[in-house]
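Below: one structure, written as structure tokens.
The values are calculated or read from the model by the stated rules, or taken from the named source; none is laboratory data. On a predicted model such as this, the values are computed, not experimentally measured, just so you know. Counting neighbours? That spans all protein chains shown, and the Cβs are built from the backbone with ideal geometry, glycine included. Areas reflect the complete protein model, heavy atoms only, side chains present, ligands, DNA and RNA absent. Shrake-Rupley method; radii C 1.70, N 1.55, O 1.52, S 1.80 Å.
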Amino acid sequence: MNGIVPAPVAALPWRVIFILMALVGFGAAVLYSAAGGHFDPWAGKHLIRFLVLLGMVIIMSRMSLEFWKSITFPLYLLLLLMLVAVELLGFIGGGSQRWINLGIITLQPSELMKPVMVLAAAWFFDRLPPNRILGIDAVWPLGALLLLPSALVIIQPDFDAAIAYAFGLGVVGFMAGLPLIYFWGAGAAIAIFAPLVYFFGLKPYQQDRVLIFLNPENDPLGAGYHITQSKIAIGSGGIFGKGFGNGTQSHLDYLPEGHTDFVFATMAEEWGIIGGFFILFLYFLLMRWGLTVAMESKTRYGQLVAAGLTCTIFFYIMINLLMVVGLAPVAGIPLPFVSHGGSSMLTMMLCVGIIMSIERHPGAKRGQFH
């Protein structure tokens, strides 16, 4: 076999590539069906986007850890500038101003900031002396990293991105050994300020999302329509589904955003619980791979980055699946590698590419998690 397959090809991380191909391929099948049996406008772009980004990921996997360290803060500053540019030049979609048009591509900088925040936090803890992990010096720099980008995305408004930033930094901080008292304190602060944010920080449609999440049946044809139709689609699929191409909720346009945020409901109607378990199993394999890379990395930086990026992918999966079954408010968070969407696909592939790089360059042993 080694004589037939060229060494550079054989050396590729085929284990995770096959997982991604299965997820993207299954997602393309769902998008093909949602479009009434056509590759346009979603499935074809989904596949092409993945193949292009897969080439980028393979190139990224050859980069050293020192390369990622060296570009962390230039990337952080660049994305901060892009977030400011969104406020000045971005265009509005879905009630929010989140995108910036670069001509050949439309980017959502708030998405790209998610893996960069993990890189920045890991960079900081990699340089923090172990004897200072219990002091305030281990906390305030994280707050500084989080404050400005979070403020900029909340203005858009995009609270989902701000929560994702905090989640990524929290994971890295926890893995680095921050005392639990800081996390309890953060939880208490959220509990205190959440009512203020609800009444003074959320727009009316965002307040409706929270209220309808608690009881979607109060307005099944209005603010609760998304969740209600998602539940109907998932429930009607049963165990084995209605069959490929036989869904009604998405084909008859009862299910809003059936190709993006609610793609899991579109899939479950046609593939049933079996299809849902298949996707969950693929995600389990992907998460296991990422955490294994983190545990096997020989550098503290590699451990923190791999764990943080794996949990960033998990955040997407968790929030989207909770949302489509009515256990979380409706949020603009797509299902990784399955939903149609350029910025989210780019973000997820960036995470995978950096984890591949850590797997390829485990480095010399410098420290372990506390």
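Values computed for the structure shown
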{"quantity": "Residue in the stretch 49-60 that is among the small types (Gly, Ala, Ser) and either in contact (Cβ under 8 Å) with a residue 12 or more places away in the chain or in contact with a Pro (Cβ under 7 Å, 6 or more places away or on another chain) (or both) present", "calculated": "no"}
{"quantity": "Flag for VAL118 being under 21 Å from PRO74 (Cβ atoms), of a type outside the set (Asp, Glu), buried (at least 21 other Cβ atoms within 10 Å of the Cβ) and touching a Gly at 6+ places or on another chain (Cβ under 6 Å)", "calculated": "yes"}
{"quantity": "Residues that are open to solvent by 70 Å² or more (accessible area, probe 1.4 Å) and not in a helix (DSSP H, G or I), drawn from the stretch 121-147", "calculated": "LEU134"}
{"quantity": "Candidates ILE273, ILE279, ILE313, filtered to the one that is modelled with pLDDT of 90 or more, closer than 25 Å to ALA121 by Cα and either of a type outside the set (Gly, Ala, Ser) or touching a Pro at 6+ places or on another chain (Cβ under 8 Å) (or both)", "calculated": "ILE313"}
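Residue by residue, here is whether (1) in contact with a helix residue (DSSP H, G or I) (Cβ under 6 Å, 6 or more places away or on another chain); (2) modelled with pLDDT under 70; (3) closer than 30 Å to PHE174 by Cα holds:
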position: GLY187; (1), (2), (3): no, no, yes
position: GLY245; (1), (2), (3): yes, no, no
position: THR260; (1), (2), (3): no, no, no
position: PHE264; (1), (2), (3): yes, no, no
position: TYR283; (1), (2), (3): yes, no, yes
